[in-house]
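Take a look at the structure below.
Just so it is clear, none of the values below were taken in a lab; they were calculated from the coordinates. Computed from a predicted structure; not experimentally measured. Methodologically, a virtual Cβ is constructed for each residue, glycine included, from the backbone with ideal geometry; neighbour enumeration extends over all protein chains shown.
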Amino acid sequence: MKETENIFLTLINQHKAIIHKISKMYMNGVEEQRDLFQEIVLQLWKAYPTFKGDAKFTTWMYRVCLNTALIYFKKDNRKVDKIPLDENIDVIDINESEGKEEKLAYLYTAVKELNVIEKALIFLYLENQSHREIAENLGISEVNARVKLNRTKEKLQFIIKKNGYEF
Amino acid sequence: MNFDDIKNEWSAEQPEGDSISTDMLKIKQAHTPIDRIRGKMKHEFFYQLFFLAIMAFIPYFFNFSSAMNQVFLMFYAITCGFTAYYFFKFYLFYKNSYDMSLDTRKNILWFYYEMKLNIELYKALTYIVAFIGAAFLAVYLFVEKASIFARILSKLSSVYILLNCFISILIIGAITELWAWYYYGKHIKQIKAVVDELDYE
């Protein structure tokens, strides 16, 4: 068990950027992002026995992370089952990162106006997933994935422009 | 807007901070809508057990006659039987684990139909218990308060009595539906929105 846990932790630490990015895309406040981050890690751990190694770890991870984010229900503050990870896990606030990564900060702001499926499409696209891979992950046809992605990219461009930024 | 530039910056973005530790794997409480519903059902299970235990003392509180005691025992046994059956179903639901590594569509649909099914079970149990309760009350009035009840009934028209029964059924239905919606509706609504968005072409 300990060995499985160590292998799992090594793998998700190598790819923790995926969890960070999804948390930032799906939640607004830093606290909510941390909660979602925590939930995704928990769901990844619970689902880890389903990872058979016949697919890439990241492919499996995309699915679990996105599925968790899509159905995640915000916690009530009074019921938060939290471990003291707040200091350890750094989920960067968009305002904080503005200086360093201006384009990304604008992207994250614009993404907030997309719906949950559009966020998943943009995420997978930015992760260099092909139309076929996006379709497989979301369980829709490749044509539908292409159409939805094109629409979402146009919508995103429109939002960014509307917000007074262009790149 | 150049998406290729964005992609490069996206790939280069690395989170700062410490590693994910074993502590994060030890949190038992998950927060998917299914986990929420299961948590609520677990609470309700204890409430219902408590009420069933209290119900067992009803004959002592109301000083039932021996005939009424027999009737009560019969109704109580039926209630316990139905409750045990539905609790068994809920237990199966509670133990039915989900697979988050399925593709999104399968995963969302599994959650959606599992939730719908269990909410329907929940409503069915509420209806059954409510109607058993109403039937018992009617028998109680006929047996224990026969003279007063007969006098009241003789003053009322059949249409009025039927209308009252119909309205009572409607009220039980409305309370059940509203309670289920208040308790579980928002979870279903959230999942339904994702299903609709995924299906939209």
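To the nearest whole percent, what portion of all C-alpha pairs in chain B is separated by more than 26 angstrom? Each step should come with its number before you reach the end.
Details: 11512 of 20100 pairs.
So the portion of pairs separated by more than 26 Å is 57 percent.
Per residue of A:38-48, count partner chain C-beta atoms within 10 Å of its C-beta, then hand back the mean as an integer. Walk me through the numbers on the way to the answer.
On the way: counts 4, 6, 2, 5, 9, 7, 5, 6, 6, 6, 2.
If you average over the peptide's residues, the count of other-chain Cβ atoms is 5.
Determine the dipole magnitude for the protein assembly as shown: charges of +1 sit on the beta-carbon of Lys and Arg, -1 on that of Asp and Glu, nothing else is charged, the reference point is the Cα centre, and the result goes in debye to the nearest 20. Show your work: numbers first, answer last.
Values: 45 positive and 44 negative charges, 351 e Å.
Once rounded to the nearest 20, the dipole reads 1680 debye.
Order of B:148-159, B:118-129 by packing, highest average Cβ count within 10 Å first?
Numbers: B:148-159: 10.0, B:118-129: 17.4.
Ranked by mean Cβ neighbours within 10 Å, highest first: B:118-129, B:148-159.
So how do B:181-194, A:39-52 stack up, highest first, on mean other-Cβ count within 10 Å? Show your work: numbers first, answer last.
Details: B:181-194: 16.1, A:39-52: 19.4.
The packing order, highest mean first, is A:39-52, B:181-194.
What number comes out for the charge environment of residue B:130, summing +1 per Lys or Arg and -1 per Asp or Glu over other residues with Cβ under 13 Å away?
Details: positive: B:123; negative: B:177.
So the environment of residue B:130 carries a net charge of 0.
Assign unit charges at the C-beta atoms only (+1 for Lys and Arg, -1 for Asp and Glu), then state the dipole size of the stretch B:34-98 relative to its Cα centre in Debye, rounded to the nearest 20.
Working: 6 positive and 2 negative charges, 63 e Å.
Dipole magnitude for the stretch B:34-98 comes out near 300 debye.
Which value in deg cm²/dmol, rounded to the nearest 500, describes the helix-derived mean residue ellipticity at 222 nm for chain B, given -39,500 (n - 2.57) per DSSP H run of n ≥ 4 and division by the residue count?
Values: 8 runs with 156 residues, N = 201.
Computed ellipticity for chain B at 222 nm equals -26500 deg cm²/dmol.
If I stretch the segment between residue B:66 and residue B:48 completely, what's the gain in nm (0.36 nm per residue apart, minus their alpha carbon distance), one decimal? Let's see the in-between values first.
Numbers: separation 18, 0.36 × 18 = 6.48 nm, distance 2.65 nm.
Value of the extension gain: 3.8 nm.
When Lys and Arg each count +1 and Asp and Glu each count -1, what net charge do the other residues less than 15 Å away from residue B:92, Cβ to Cβ, add up to? Don't jump to the answer; show the numbers that get you there.
Values: positive: B:38, B:42, B:89, B:95; negative: B:114, B:120.
Here the charged neighbours net out to +2.
Cut-off 10 angstrom, C-alpha nodes, Gaussian network model of chain B. Which of B:11, B:66, B:101 fluctuates the most?
Maximum fluctuation in the GNM of chain B, among the listed residues, is at B:11.
Compute a Gaussian network model of chain B, connecting alpha carbons closer than 10 Å, and tell me which residue from B:58, B:78, B:20 fluctuates the most.
Result: B:20 has the largest fluctuation of those listed.
Could you give the length gained by full extension between residue B:19 and residue B:155, i.e. 0.36 nm per residue of separation minus their alpha carbon distance, to one decimal place? Present the calculation step by step, with values, prior to reporting the outcome.
Values: separation 136, 0.36 × 136 = 48.96 nm, distance 7.88 nm.
41.1 nm is the gain from fully extending residue B:19 to residue B:155.
Once the dipole of the protein assembly as shown is set up with Lys and Arg at +1 and Asp and Glu at -1 on Cβ about the Cα centre, which of A:59, A:157, B:63 lies farthest towards its positive end?
B:63
Please report the spacing between the Cα centers of the stretch B:56-108 and the stretch A:9-72 in Å, no decimals.
37 Å
Springs between alpha-carbon pairs under 10 angstrom, Gaussian network model over chain B: which of B:23, B:35, B:103 fluctuates most?
B:23
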